[in-house]
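Peer 1: Structure below; questions to follow.
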Amino acid sequence: MKTAATLHIILALCLLHLASLNAQGTQYRLSNRYEAMGPDNDAYMGVYLNSIGPEKARALGFENLYGSYIRKVIAGTPADRAGLRALDYIYGVDAYRTGAEQSLSDILDRYNAGDRAKLYVQRGTGRVRLDIIFGNRNEERRSISVTPCQDPFLGVMKMSKAPQKDGIVIQVVRGSTADEMGLEDGDEILRINGYKILDWTDLTYAINDTEVGSDIEIVAWRGRGRIERSHPIQSRCAYEENKATATVRTTEKQENKYFDTYIKDRNGRKLLSQSMDRNDVQQANRQYGLGLKTDQSLPVSNFYFGADFDQKVLELSFELPGSGPTRVKVFNTRGRAVYDFDLGSFSGTFRDRTNLLKNGSDNYFLEVTQGGKSQVRKIEIRQ
């Protein structure tokens, strides 16, 4: 009896609380709350969000300093259908606004799959309202993996020693989209496709959101004047194919057949990559005194390597279908880790540009670990 009385009191308090919330205009639908049988029914948009902090939000000119920044919209999801884009800044849903005590996640917790809502978004210098129908997390799951031929490639690197004022001071990769559109070393990129660029993260998100073959619009500062450029952006693999004047794929079948990647430039410099089995990894450990994991059971696909020998840059990408604590390392034959990237919990496409080629000619071993599984690949640099 005591338990029943207690439950009656709790139920009465809950009803009073709901009545109070409704009086304040809070949008609760009691039936929907009872229909929610777990996280599968939670509202799902299909975006990767970043919290940028009040300081950066203020620098970007946002009045609401507590919204969420979109870094990637997953194709085929409710967010994609609603028209959301990377670098959009969501600060409200229906009557709710983000604030110091209420994040976007807190607001979305009020909604379920199938609910309709209006999103309030800062986009560049303007504001838009977008209608969305939230999806189901399981039904709407999509992959964000892309191949090098789907990967937009602008062709700029950060000029780290250059003073920066309002954007990113760049160095241009020869033969790239940036080169073709007339950008120059020392230009300071201010906006891409209308979005303000404050750091390298902004620049990366804006490039990745541009579809291969469509125009990428850039506003930059050069010397004492502003310049504007627009040009169709090429893919990473198109860039590799088009830079034949500097780097060409070999036709030497005898040597090429042993390698998954074989790049040779006109000066005879080469980058080669080769898959390894468990015995190959064990032999490398014995030969060079390495401690590479010999598991070789981690499913890794679409390995891609590119080389810019003049800039001493190695380009690397691959796809991981699974999720878990992930780490990427590169070892030389002296047992030293010359590259170490802890990705935390990761799934999808990894890509990076490293200065590995500055280490000179050697054999290198790329080790990707996730959970207790690993995959090792051999890279040969001949300069």
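Peer 1: Rounded to a whole number, what % of the accessible area of segment 252-353 do carbon and sulfur atoms account for, probe 1.4 Å? Let's see the in-between values first.
Peer 2: Working: 2160 of 5220 Å².
Carbon plus sulfur share of accessible area: 41 percent.
Peer 1: Determine the per residue accessible area of segment 332-383 with all protein chains present and a 1.4 angstrom probe, expressed in square angstrom.
Peer 2: Heavy-atom SASA per residue in segment 332-383 reads 44 Å².
Peer 1: So which chymotrypsin sites (Phe, Trp or Tyr not before Pro) in segment 45-124 end up in coil per DSSP with only 15 or fewer other C-beta atoms within 10 Å?
Peer 2: none
Peer 1: Calculate, in whole percent, how much of the Cα-Cα pair population of segment 279-322 lies beyond 12 Å.
Peer 2: Working: 672 of 946 pairs.
Summing the P(r) of segment 279-322 above 12 Å gives 71 percent of all pairs.
Peer 1: Now for a different question. Report P(r) for segment 283-383: all Cα-Cα distances, bin width 5 Å, range 0 to the bin holding the largest distance, values in whole percent.
Peer 2: Percent of pairs per bin, in order: 3, 12, 25, 24, 19, 12, 4, 0.
Peer 1: Over all distinct Cα pairs, what is the inverse of the mean 1/r for segment 258-305, reported as the Kirkwood hydrodynamic radius in Å?
Peer 2: With all distinct Cα pairs of segment 258-305 included, I get 12.7 Å.
Peer 1: Right, here's the next one. With a Cα-only, solvent-free Debye model of segment 158-242, what are the log10 I(q)/I(0) values at q = 0.19, 0.22, 0.23, 0.25 Å⁻¹?
Peer 2: -0.82, -1.11, -1.21, -1.41
Peer 1: What is the set of long-range amide H partners of Arg97 at a cut-off below 5 Å, with H atoms built 1.01 Å from backbone N?
Peer 2: none
Peer 1: I would also like to ask the following. For segment 277-330 and segment 94-126, what is the separation of their C-alpha centers, rounded to whole Å?
Peer 2: If we compute the Cα centre of each part, the gap is 41 Å.
Peer 1: Report, to one decimal in Å, the Kirkwood hydrodynamic radius for segment 43-83 based on all distinct Cα pairs. Before the final figure, lay out the partial values.
Peer 2: Details: mean 1/r = 0.0895 Å⁻¹.
Evaluated over segment 43-83, this radius sits at 11.2 Å.
Peer 1: Less than 14 Å Cβ to Cβ from Val128, Lys/Arg counted +1 and Asp/Glu -1: what total charge do the surrounding residues give? All intermediate terms of the calculation are to be shown ahead of the outcome.
Peer 2: Numbers: positive: Arg85, Lys118, Arg123, Arg127, Arg129; negative: Asp88, Asp131.
Spelling it out: positives minus negatives among the neighbours equals +3.
The values are calculated or read from the model by the stated rules, or taken from the named source; none is laboratory data. Computed from a predicted model, the values in this text were never measured in an experiment. Neighbour counts run over all protein chains shown; Cβ positions are idealised from the backbone, glycine included. Quick note on the areas: whole protein, heavy atoms, side chains included, nothing else; ligands and nucleic acids left out. Shrake-Rupley method; radii C 1.70, N 1.55, O 1.52, S 1.80 Å.
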